[in-house]
Amino acid sequence: MMPSVYSFLKRSDNDILQELLRVLGTGRGSVKEKWSIAAECLVETGCDAIWKLSKDFCKKFELRFPCVAYVTITSVVFEDLSATLEVASVQHESMSLPEVVPDVPLIELWPTIEQREDYVNAATTASFIDVLRFFYNNIWMPWDDQDGTIVTPKTIEDRMGLWFDLHSGIINSRVARSIKLQRTSAIKAHEDLLELESLFSEDTDENDSMLPADNMLFRCAELNAKLESIKAQWSNLYENATVREQYLAQERNKWQKDKNRINCIAIWPGGLSDEFYDISNILQSHLTSSHTLTITTSAEDGLSRDPDEVIICSQECEIPEIQLSDISICSWKGATLKAPEMRAYLLMLGEKCRLKHLTLECGQVSTAVVMKAGTLDVTDCNIINSQRMDLTQGIVAKSGTKLTLNNCVLENFFSGIVVHRNAEIELNNCIIRNCGVGIQMYPECQVTLKDTVIESCREQCIRGESCPKDKNSIKGLHIGDNCKIGSGDLKKEILVVEAPEN
């Protein structure tokens, strides 16, 4: 079990603003230079911490993301806001790391309350890293690092005001989602630029996979243009509180006008005219007079428009990392949804959601679907992990949620379905196969199986974590007559793990 870390949840928005202004509001120099000067005064070596490994690091060492390790900061490169770590232990025994890891960003570290060395002032180090992490996760924009850019105290105050409006409900969910996606898009363009510039500096003879120089220059120009476009919109429309209020009033008027209509988004990247003709016919048969229709070329663009319904009109679709609610997602010809890069989940859902005629490819994620609140209906879907199964989950039903699965297949996860306390799930004519545990239940949940097969599980078909027993089964588990649970011997296929005694 990993040691406890310092938490600063009681910090108010104004407390955070004052901490940011204390570092960035005085003196000359770039944003990074100011943070570096503060780090020299406040970050101590010898500090024990929890390291939450980045996606890129996990990908490089073929580790399942997310992953954490218990480490010691042995040295700090203040100019880069990074540290060299000595690894003491890793959360999962099946994973291994080098004993010493250099160039780890400070924002990936959470200093622990208990320290092995008495002289270490871990509280001060933790407090500084917490504010640094807040800045880079929420306030920083890629153009802050451009030569000659000065981030003024007013800029910090304006961005904190925007952050508060985004997270307090002042900005409605549709506009907030669009603004957040703009920031994500800007950061991604910045990262792509850095990668291209790195490749461009290498010898082409040593890197056969490098794009031709002309193509690379064109791509750099494209990314720079995209960043400049987002920068203008962000600085002039979103950060300025007066202009932002006028923009939000305009968006509210649009919403009032269309609030009684069903906002349908069709995602189609383009193709032959014959294909478009077929898609048009499908859309016309689906839509009614109460629908509005917009066709976009990417899921990022489509989901930023706060759709009620999404129709995927391509074979594959990359889904951005964003929480969705009150949404129905289906496909024209059984589309495959996948993540463009390694991350924690493919879909994070809430309120009332529906998934239909989809394949969820989960090789890049740790969890396919997380249902945070509300109800979810999943019909005719394949949820498949094509990579390693260790530490992966198919569907996670959080406390209080209600899920119904019809004619679905879940395959090759460590836990096929995880049902938390007070959650309810019903499976009709479904198959769960090749998992470590087919269904993992927690106390006071309800699981109903009808015409369902659970087979080829490495550990158990059904596992109850601290759940009360009900004869040879688990309380809350209801298995219909036409189900097949492993070998059929429920004493063998169902395991109840009792809570440890205090």
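Observations
Yes/no per residue for (1) under 22 Å from Ser366 (Cβ atoms); (2) without any contact (Cβ under 8 Å) to a residue 24 or more places away in the chain; (3) not in a strand (DSSP E or B):
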{"site": "Asn422", "(1), (2), (3)": "no, yes, yes"}
{"site": "Ile425", "(1), (2), (3)": "yes, no, no"}
{"site": "Gln440", "(1), (2), (3)": "yes, no, no"}
{"site": "Leu449", "(1), (2), (3)": "no, no, no"}
{"site": "Arg463", "(1), (2), (3)": "yes, no, no"}
{"site": "Ser487", "(1), (2), (3)": "no, yes, yes"}
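- If the condition is being closer than 17 Å to Met160 by Cα and touching a residue at least 24 places away in the same chain (Cβ under 8 Å), then region 12-38 contributes Asp13, Ile16, Leu17, Glu19, Leu20, Leu21, Val23, Leu24, Gly25, Val31.
- Any hit, region 272-282, residues being in a loop (DSSP other than H, G, I, E, B), open to solvent by less than 90 Å² (accessible area, probe 1.4 Å) and modelled with pLDDT of 90 or more: no
- Test: residue in region 476-491 that is at negative phi and within 28 Å of the chain's Cα centre (by Cα): no
- Conditions (1) over 19 Å from Gly394 (Cβ atoms); (2) hydroxyl-bearing (Ser, Thr, Tyr); (3) surrounded by fewer than 16 Cβ atoms within 10 Å (Cβ to Cβ): number failed by Ser456: (1)
- Residue count, region 432-449 (criterion: modelled with pLDDT of 95 or more, over 19 Å from Gln387 (Cα atoms) and surrounded by fewer than 18 Cβ atoms within 10 Å (Cβ to Cβ)): 2
- Single match in Glu275, Glu309, Glu316 (criterion: closer than 20 Å to Asp377 by Cβ, more than 18 Å from the chain's Cα centre (by Cα) and not aliphatic (A, V, I, L, M)): Glu309
- With respect to the stated conditions, Glu33 is under 30 Å from Lys188 (Cβ atoms) and either open to solvent by 60 Å² or more (accessible area, probe 1.4 Å) or not polar (S, T, N, Q) (or both).
- Count of residues meeting criterion [touching a Leu at 6+ places or on another chain (Cβ under 9 Å), part of a helix (DSSP H, G or I) and not polar (S, T, N, Q)] in region 30-70: 7
- Residue count for region 385-431, restricted to those that are in contact with a His (Cβ under 9 Å, 6 or more places away or on another chain), surrounded by fewer than 17 Cβ atoms within 10 Å (Cβ to Cβ) and of a type outside the set (Asp, Glu): 2
- Selection over region 53-74 of residues that are open to solvent by 50 Å² or more (accessible area, probe 1.4 Å) and at pLDDT 95 or above gives a count of 1.
- Scanning region 106-124 for residues that are open to solvent by less than 50 Å² (accessible area, probe 1.4 Å) and in contact with a Phe, Trp or Tyr (Cβ under 9 Å, 6 or more places away or on another chain) yields Leu106, Ile107, Glu108, Leu109, Pro111, Thr112, Ala122, Ala123.
- Region 92-135: number of residues that are touching a Pro at 6+ places or on another chain (Cβ under 9 Å) and not in a helix (DSSP H, G or I): 4
- Filtered residue count, region 138-195, keeping only those that are among the hydrophobic types (A, V, I, L, M, F, W, C), under 25 Å from Glu341 (Cβ atoms) and open to solvent by 20 Å² or more (accessible area, probe 1.4 Å): 5
- Filter result (under 21 Å from Glu411 (Cβ atoms) and touching a Gly at 6+ places or on another chain (Cβ under 6 Å)) within region 463-492: none
- Exactly one residue out of Arg305, Arg252 is open to solvent by 60 Å² or more (accessible area, probe 1.4 Å) and in contact with a strand residue (DSSP E or B) (Cβ under 7 Å, 6 or more places away or on another chain): that is Arg305.
- The strands (runs of 3 or more DSSP E) found wholly in region 341-415 and carrying at least 1 residues that are hydroxyl-bearing (Ser, Thr, Tyr), closer than 16 Å to Glu426 by Cα and more than 14 Å from the chain's Cα centre (by Cα) occupy 365-379, 402-406.
The values are calculated or read from the model by the stated rules, or taken from the named source; none is laboratory data. Remember, it's a predicted structure, so these values are computed and weren't measured experimentally. Every residue, glycine as well, gets a Cβ built from its backbone with ideal geometry; the counts of neighbours run over all protein chains shown. Heavy atoms of the whole protein, side chains included, go into the accessibility calculation; ligands, DNA and RNA do not. Shrake-Rupley method; radii C 1.70, N 1.55, O 1.52, S 1.80 Å.
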